[in-house]
Amino acid sequence: MVFEQNSDLDFMNAALEEAQKAFVLGEVPVGAVLVHHDTIIARGHNLREWQQNPTAHAELLVIQRAAEEMKSWRLLDTTLYVTLEPCLMCAGAILQARIPRLVFGTMDPKAGACGSLFTVLQDSRLNHQVNITHGIQEDPCRSILKDFFQQLRQDRPLLTT
């Protein structure tokens with residue numbers, strides 16, 4: 001499976017490029033790409049602040065773009081690469097899109113729905129389960145988030161009473 005691991009690394013690097021774009025915009029730096037038959041068919045990053053839209057997560061934007069590209073809501077034979085573990089909302093969209101495989105970089109202990117807080121994508125009570133791989137490029141995925149929030153705290157010091 002060396003080929004798959006190398007591909008996972010390359011595609012996660014593409015997701016990290018998207019996370020960097022979010023960082024530059026002042027968005028929480030989460031990036032995603034959706035791959036179909038070894039080709040990236042959709043890219044995206046968080047745009048909640050820019051769009052003032054609570055659903056403008058990287059994963060949802062990528063899923064929407066991929067559905068348009070494939071002309072189907074069923075995103076079969078695809079893999080979603082995300083720098084951060086998806087939340088409940090995004091996990092629900094992954095299930096609804098029938099994405100068979102998810103690869104993410106780092107866990108999200110505060111909102112993660114794919115192993116940290118919940119295991120939505122592998123719940124056997126649902127009609128679709130997702131194969132999950134995590135920890136690909138974990139350090140850079142974690143570092144960009146850490147750097148972003150550290151910078152945010154420096155730019156906006158916490159008020160003390």
Out of these labelled values of mean projected area of the Cα convex hull in nm², (1) 9.1; (2) 10.3; (3) 11.9, which was calculated from the coordinates shown here? (2)
GNM result for the chain, Cα springs below 10 Å: residue of R48, R65, R125 fluctuating most strongly: R125
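Would you please give the FRET efficiency between R156 and Q96, computed as 1/(1 + (r/R0)^6) with r the Cβ-Cβ distance and R0 = 35 Å, to the nearest 0.05? Show your work: numbers first, answer last.
Details: r = 36 Å, r/R0 = 1.02.
Plugging the Cβ-Cβ distance into 1/(1 + (r/R0)^6) gives 0.45.
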Please work out the Cα center distance from the range 103-118 to the range 15-55, rounded to the nearest Å. 17 Å
At a 1.4 Å probe, what is the % contribution of carbon and sulfur to the accessible area of the chain? 52 percent
Note down the nm distance, to one decimal, between modelled labels 7 Å out along Cα→Cβ at F149 and at I40. 2.6 nm
With 0.36 nm assigned to each residue of separation and the Cα-Cα distance removed, N53 to S7 gains 13.3 nm
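Report the antiparallel proportion of the DSSP beta bridges in the range 72-132 as a percent, rounded to a multiple of 5.
Values: 1 of 8 bridges.
Roughly 10 percent of the DSSP beta bridges within the range 72-132 come out antiparallel.
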Lys, Arg +1 and Asp, Glu -1 on Cβ, resulting dipole of the chain about Cα centre, debye, nearest 20: 460 debye
Using r as the Cβ-Cβ distance of T133 and K71, and R0 as 22 Å, what FRET efficiency do you calculate, to the nearest 0.05? 0.20
Treating the angle as unsigned and between 0 and 90°, give the value, to the nearest 10°, between the Cα long axis of helix 2-25 and the longest Cα principal axis of the chain. 40 degrees
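Tell me the per residue accessible area of the chain using a 1.4 Å probe; a whole number in Å² is fine. Intermediate values should be presented prior to the final figure.
Working: 9060 Å² over 161 residues.
Averaged over the residues of the chain, the accessible area is 56 Å².
The values are calculated or read from the model by the stated rules, or taken from the named source; none is laboratory data. Remember, it's a predicted structure, so these values are computed and weren't measured experimentally. In this analysis, Cβ positions are derived from the backbone assuming ideal geometry, glycine residues included, and neighbour counts consider all displayed protein chains. The accessibility values were calculated without ligands, DNA or RNA, using every heavy atom of the protein model including side chains. Shrake-Rupley method; radii C 1.70, N 1.55, O 1.52, S 1.80 Å.
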